[in-house]
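Report on the following structure.
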Amino acid sequence: MWATDKTGSRLRIRVTPAAEQAVRQGHPWVYGDKVREQNRPGDTGELAVIYDRSDRFLALGLYDKESAIRLRVLHTGRPVTVDEAWWHAKLQATLAGRTGVFSPDTTGFRLINGENDGWPALILDQYGDTLVLKIYAALWLPHLKTLEGLIRTHLQPRAIVLRLSRNLINHAMKAWQLEEGFLGEPGEDTVHFQENGLTFEAEVRFGQKTGFFLDQRENRQRVEALAAGHEVLNAFSFSGGFSLYAARGGARSVTDLDISPHALDSAKRNFALNAADAGIAAVRHESQQADAFAWLHDAAAAGGPRFGLVITDPPSLAKREAERAGGVEAYHHLARNALQLLRPGGTLLAASCSAHVSADEFRQAVERAAFQILGRDWQTLWTAGHAPDHPVSFREGEYLKAMAVQRR
Ligand code: SAH
């Protein structure tokens, strides 16, 4: 299946000098308008080799004839033969990078983080003995059987769920008769797993992303350390990840605020799952179903209520480059409203998952809000980026930013 086409010729491409330089430096994408020549038309999912201007092997990747990103790099450096052994070695090397990263009280983590781990447009998340394979580009669709085999060999999961990005769902059905769901033996649509000793549910089949936001794990631990004795507002709470940590950390009350009743219900179940923890059993847990932007705006305008810890972790506010400036302003306004709800000594944890907003832009947007609302009576406690199981190797792969601002 990784073989050449019927004529036996490998797809070979040459790219612009700038694209060549970018690939040499590790960038994983080649756009269609950067391809200068190719020996023949290519098929989506085909292996293609990039040769440099001196006709030397530069990289190999998977070709996508329909996408603006025409080729996604799998390998650079010395030429290799892509056969079954190569794929096994590649997966083994990726998984070795995760060994020992987490203690046994964490059973939910990202095993493969797309391009950043050398597997472009492919995510593999583990929730206990269930794996979720999420595909973001059509070039993997012809190779799902191979992927499934590799994953079973190396990880022996009880179940594997295939999830497809929204733009692939129709194409996968039409071109490959493929749909989302279990590969092989079906498992449970909702599974339980551990994160730092807390039990969470993950809706692996139908939930957002792969069922849970694993990327905030370390920021949730930071919240646990900040929560003791406080009334906590968790805006955009989803299934209550931050809330459970805050409760375990000794928060007096936790309010989940989300537009989705489904998410709020999931948070309630997560609280119930962890009722054996003294902090979680003792905390006053409330749910607010509302548009958090409007709720925070109204609460700030009304001059209350007050919290010792406010978390704002909205969905991406800049999904395209064209939305970047608007996104930065939206983070700024959100921070302004959230900061007005802080008691003296209280902390705002502001997060952004917009790849198009840089860490600097985000920090400036939040700090500008702090100056406007609190004058000089605040400090940035820390800023944070990606979790250890979400490594980043190129600019577009860097999406998560978080920072804590404390009111004096
Ligand atoms: N902090 C969460 C992840 C947040 S994901 C965690 O750690 O797991 C973003 C959440 O924002 C989703 O649950 C979504 O339902 C919610 N959301 C989206 N738009 C919203 C809005 N306008 N108001 C409130 N919640 C919203």
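Laboratory data are not the source of any read-out in this text; all were calculated from the coordinates shown. Small disclaimer: the values here were computed from a predicted structure and weren't measured. No Cβ is skipped: glycine too gets one built from the backbone with ideal geometry, and neighbour counts run over all protein chains shown.
For region 171-210, report the translational diffusion coefficient in µm²/s to the nearest whole number, using Stokes-Einstein at 25 °C, 0.890 mPa s, and a Kirkwood Rh over Cα pairs.
In µm²/s, the coefficient is 203.
Counting alpha carbon pairs within less than 8 Å and at least 6 residues apart, what relative contact order, in whole percent, applies to region 262-367?
Relative contact order of region 262-367: 29 percent.
Quick check on the chain: helices-only [θ] at 222 nm, where DSSP H runs of length 4 and up contribute -39,500 (n - 2.57) each and the sum goes over total residues. Nearest 500, please.
Result for the chain: -9000 deg cm²/dmol, rounded to the nearest 500.
Taking the C-alpha atoms of region 141-249, how large are the radius of gyration and the largest Cα-Cα span, Dmax, in Å?
Just the Cα atoms of region 141-249 yield Rg and Dmax of 17.6, 56 Å.
If you place +1 on the Cβ of every Lys and Arg, -1 on the Cβ of every Asp and Glu, and leave all else neutral, what size is the dipole of region 276-408 about its Cα centre, to the nearest 20 Debye?
460
Can you give the local net charge around ILE169? Use residues other than it whose beta-carbon is closer than 9 angstrom to its beta-carbon, Lys and Arg +1, Asp and Glu -1.
Spelling it out: positives minus negatives among the neighbours equals -1.
Summing +1 for each Lys or Arg and -1 for each Asp or Glu, what net charge is found among the other residues whose Cβ lies under 12 Å from the Cβ of ALA225?
+1
Can you give the percent of C-alpha pairs in the chain whose distance is more than 37 Å?
The answer is 29 percent, as a whole percent.
Computed from the mean reciprocal separation of all distinct C-alpha pairs, what Kirkwood hydrodynamic radius does region 1-131 have, in Å?
16.0
Based on the Kirkwood radius over alpha-carbon pairs, what is the Stokes-Einstein translational diffusion coefficient of region 84-191 at 25 °C with 0.890 mPa s viscosity, in µm²/s?
171
Determine ³J(HN,Hα), in whole Hz, for all residues of region 351-357 in sequence, where each value follows from phi through the Karplus function 6.51 cos²θ - 1.76 cosθ + 1.60 and θ = phi - 60°; x replaces Gly and Pro.
Going residue by residue, I get 10, 9, 10, 8, 5, 7, 9 Hz, with x marking Gly and Pro.
Mind sorting LYS174, LYS90, LYS65 by how few other Cβ atoms lie within 10 Å of their own Cβ, fewest first?
By the 10 Å Cβ count, ascending: LYS174, LYS65, LYS90.
Cβ under 14 Å from GLY108's Cβ, GLY108 left aside: what net charge do those residues give with Lys, Arg +1 and Asp, Glu -1?
Combined, the nearby Lys, Arg, Asp and Glu give -4.
Report relative contact order for region 111-189 in percent, whole number only (criteria: Cα-Cα under 8 Å, sequence separation at least 6).
Relative contact order here is 26 percent.
If N is the number of residues in region 11-76, what value comes out of its Cα radius of gyration divided by 2.2 N^0.38 Å?
Region 11-76 yields a ratio of 0.93.
So, by mean Cβ neighbours within 10 angstrom, what's the order for 236-249, 210-223 with the highest one leading?
236-249, 210-223
Would you kindly calculate the translational diffusion coefficient of region 274-408, applying Stokes-Einstein with the Kirkwood radius from alpha carbon pairs, for 20 °C and a viscosity of 1.002 mPa s, and quote it in µm² s⁻¹ without decimals?
Rounded, D is 135 µm²/s.
Going toward the positive end of the dipole of the chain, with +1 on Lys and Arg Cβ and -1 on Asp and Glu Cβ, which of GLY197, SER165, VAL35 do you reach last?
Checked the options; the winner is VAL35.
Taking Cα centroids, how far is region 247-284 from region 123-165 in Å?
Cα centroid to Cα centroid, the span is 31 Å.
Taking amide H atoms as placed 1.01 Å from N in the peptide plane, list the residues 5 or more away in sequence, or in a different chain, whose amide H sits under 5 Å from that of LEU74.
LEU60, GLY61, LEU62
Alpha carbon centre of region 285-303 versus region 62-103: separation in Å?
Using only Cα atoms, the two centres lie 45 Å from each other.
Set the bar at 24 Å for Cα to Cα. Now go through LYS34/LYS209; LYS134/LYS174; LYS134/LYS268; LYS90/LYS319; LYS90/LYS134 and name every pair that lies beyond it.
Over 24 Å apart, Cα to Cα: LYS34/LYS209; LYS134/LYS268; LYS90/LYS319.
Taking 0.36 nm per residue of separation and subtracting the Cα-Cα distance, what length does fully extending ALA225 through GLU323 add?
Once the chain is fully extended between ALA225 and GLU323, it gains 31.9 nm.
Can you give the charge dipole size of the chain about its Cα centre, rounded to the nearest 20 debye, using +1 on the beta carbon of Lys and Arg and -1 on the beta carbon of Asp and Glu?
840
For region 193-307, which semi-axes, largest first and in whole Å, follow from the square roots of 5 times the eigenvalues of its Cα gyration tensor?
Rounded to whole Å, the semi-axes are 21, 18, 12.
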